[in-house]
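Notes for the one structure printed next.
The values are calculated or read from the model by the stated rules, or taken from the named source; none is laboratory data. Note that the coordinates shown come from a computational prediction; the quantities given were computed from them, not determined experimentally. For neighbour counting, all protein chains shown are included, and Cβ atoms are generated from backbone atoms with ideal geometry for every residue, glycine included. These area figures cover heavy atoms from the full protein model, side chains too; ligands, DNA and RNA do not enter into them. Shrake-Rupley method; radii C 1.70, N 1.55, O 1.52, S 1.80 Å.
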Amino acid sequence: MKPFAFARPADVAEAVRTVAAEPDAVFLGGGTNLVDLLKLGVARPDRVVDVRRLTSREITDTADGGLRIGAAVTNSELAADRRVRERYPVLAQALLAGATGQLRNLATVGGNPLQRTRCVYFTDVSTPCNKREPGTGCSAVGGYTRYHAVLGVDAALPDASAPKTCIATHPSDMAVALAVLDAQVQVLGPGGARTMPFGELHRLPGDDPTRDTVLEHGELITAVDLPPLPAGARSAYRKVRDRASYAFALVSVAAVVADGEVRLALGGVAHKPWRATRAEEVLAGGPVTEHAVRHAMDVELTAAQPQPGIDGGNGFKIPLVTRTVVATVRDLTSEVPA
Ligand SMILES: Cc1cc2nc3c(=O)[nH]c(=O)nc-3n(C[C@H](O)[C@H](O)[C@H](O)COP(=O)(O)OP(=O)(O)OC[C@H]3O[C@@H](n4cnc5c(N)ncnc54)[C@H](O)[C@@H]3O)c2cc1C
Ligand code: SF4
């Protein structure tokens, strides 16, 4: 592990100034991802700035009937909050589907959406990886692709030797729920505070696979806001994985069903939590039958690009994610005729 300086500033403003002043400084939340990456030599900062005790650890009601969640709230605390369980079951279920009790006791609302991909080549510093070392190539192409993307993959790619190829997926369960809930992210940076829709926080690899989000260097997540759901809305999270616990999603679905509206977000299929807007448009205002949901997912997945691989590839995700959406929506609606 590369040696680094450690800082515990007095407040968030000082934390932002400290990180912004050094190109290779990073924030530390619960440390459950960053510390692993430090030990593996994947993250090599000069300075680690602890914000765990600086941002809010409160969950507060907002005037519009939603909730504001401080960035230091742990995943366990958020999943256990009665208001979250009653009003946003999709979020409580997504949190409890992630990691383990011990990890959730440390993992924070600020750090969880910013955890790095679990692509095995990203964490193996002996292999080429454009996300870890720009321009070296992508070992996942033609390699182990079971956990990799099928959506949002550049049509001209993937090419293993291309300097910009990345077919990694975003691993967070909580982020898929925040995407379907239309959450807002409160950010404090060197230029001041700003609010951004959660759906705009993460990005596709594009021409720079090293960047997972649109955050600028030194920008700190201070809170996440949940707007209220429409009256009578029901929501749920369903995760499919290789074993019953303690595994990342092969695919996952976060769904909200309200009067005349179906909202869908998908995990395990793209470089970012994937809001299935095409499927939502197909379903808008119509009867939510199983046939309609399948058709909507066919439209959503038109541009999907399954990846071949030494493990048989990830083409199985296409029918799997449709089945998972159908099952989730069926649970949320009183009648979905076969
Ligand atoms: C064995 C194992 C299994 C796991 N399984 C799952 C799973 O099934 N599902 C799942 O979703 N997750 C899973 N995780 C990941 C876990 O949920 C994340 O490691 C955790 O949520 C990260 O939160 P943290 O606060 O510990 O972040 P940290 O590790 O502290 O930080 C993560 C990143 O966020 C940055 N950061 C932290 N806080 C802020 C902030 N406030 N503002 C800006 N940047 C910030 C850091 O610089 C770092 O880049 C697993 C982890 C392990 C080790
Ligand atoms: S998929 Fe992305 S993270 Fe994985 S090896 Fe390729 S470039 Fe690296």
Can you tell which of Tyr121, Val282, Pro209 lies farthest toward the positive end of the dipole of the chain, using +1 and -1 charges on the Cβ of basic and acidic side chains (Lys, Arg; Asp, Glu)?
Tyr121
Contact order relative to length of the range 5-50, as percent, for alpha carbon pairs under 8 angstrom and 6 or more apart:
56 percent
Per residue value of the accessible surface for the range 5-50 (all protein chains in place, 1.4 Å probe), Å²
48 Å²
Which entries in the list Lys164/Lys272; Lys39/Lys131; Lys239/Lys317; Lys2/Lys39; Lys2/Lys164; Lys239/Lys272 go over 20 Å, if you measure between the two C-alpha atoms of each?
Lys2/Lys164
Within the accessible area of the chain (1.4 Å probe), percent carbon and sulfur
52 percent
When Rg is the radius of gyration of the Cα atoms in the range 5-50 and Rh is its Kirkwood radius, what does Rg/Rh come to?
0.97
Can you give the extra length, in nm with one decimal, that the chain gains between Ala247 and Arg82 once fully stretched, where that is 0.36 nm per residue apart less the Cα-Cα distance?
56.8 nm
Using a Förster distance of 25 angstrom, determine the FRET efficiency expected from the C-beta separation of Thr60 and Ala193, and round it to 0.05.
0.90
Among 74-87, 214-227, the order from most to least packed when residues are scored by Cβ within 10 Å on average
214-227, 74-87
Place a +1 charge on the Cβ of each Lys and Arg in the chain and a -1 charge on the Cβ of each Asp and Glu, then give the dipole magnitude about the Cα centre in debye, rounded to the nearest 20.
800 debye
